[in-house]
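Read the structure below first, then the notes.
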Amino acid sequence: MEKVAIVILADTETHGDMARVHNALLAAKEFKDAKDEFKLIFDGAGTKWIKELSKPDHMFHELFDSLKGRSTGVCSFCAAAFGIKECAMESHIPLNEEYEGHPSFRELIAEGYQIITF
């Protein structure tokens, strides 16, 4: 069984950003379908995707919705900085704040996770 943390850093501004988030979501789905351990983490400007993907009419909403749960999280500090903390809480996405308000990548590596960034 593999252990992977997929980190979305891509902003929401360009077509390329949308391609990166789609690739990240598909990668998470692939690991989920294989019953591997995965974490999907929205960090930095990538936290803005929570608001976009939570919209029922977004083309990736269903895919995003199928991945939500204990395996999905958002950087608490960045969610506040980019103004989407309330949206994340309404969407039931846990806030990651293990290291000074941010996700702890060291902790993930210590737990055997490989980290992939998009």
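For the subset of region 96-118 comprising residues that are touching a residue at least 60 places away in the same chain (Cβ under 8 Å) and within 15 Å of D43 (Cβ to Cβ), which member is surrounded by the fewest Cβ atoms within 10 Å (Cβ to Cβ)?
Once the filter is applied, the top-ranked residue is I115.
How many residues does region 77-116 contain that are farther than 23 Å from L53 by Cβ, touching a strand residue (DSSP E or B) at 6+ places or on another chain (Cβ under 9 Å) and in a loop (DSSP other than H, G, I, E, B)?
3
From A45, A110, A79, grab the single residue that is small (G, A, S) and touching a helix residue (DSSP H, G or I) at 6+ places or on another chain (Cβ under 6 Å).
Among A45, A110, A79, only A79 is small (G, A, S) and touching a helix residue (DSSP H, G or I) at 6+ places or on another chain (Cβ under 6 Å).
Quick one: G83 ticks every box in (1) touching a Lys or Arg at 6+ places or on another chain (Cβ under 8 Å); (2) within 19 Å of V21 (Cβ to Cβ) except a single one, so which number is it?
Exception for G83: condition (1).
Within region 19-50, how many residues are touching a Ser or Thr at 6+ places or on another chain (Cβ under 9 Å) and free of Cβ contacts under 8 Å to residues at least 12 places away in the same chain?
Selection size over region 19-50: 0.
Scan region 81-95 and give yes if some residue there is buried (at least 18 other Cβ atoms within 10 Å of the Cβ) and touching an Asp or Glu at 6+ places or on another chain (Cβ under 9 Å), otherwise no.
no
Quick test for you: out of F64, F105, F42, F38, pick the one residue that is hydrophobic (A, V, I, L, M, F, W, C) and touching a Cys at 6+ places or on another chain (Cβ under 8 Å).
Just a single option satisfies the conditions, and that option is F42.
I'm trying to understand the selection: among the residues of region 71-97, which are at positive phi and within 13 Å of the chain's Cα centre (by Cα)?
Residue satisfying the conditions is H92 alone.
Readers should treat all values here as calculations from the given coordinates under stated rules, not as data from a laboratory. Keep in mind that what you see is a predicted model, and the values were worked out from it rather than measured. Positions of Cβ are generated from backbone atoms using ideal geometry, with glycine treated the same way; all protein chains shown enter the neighbour counts.
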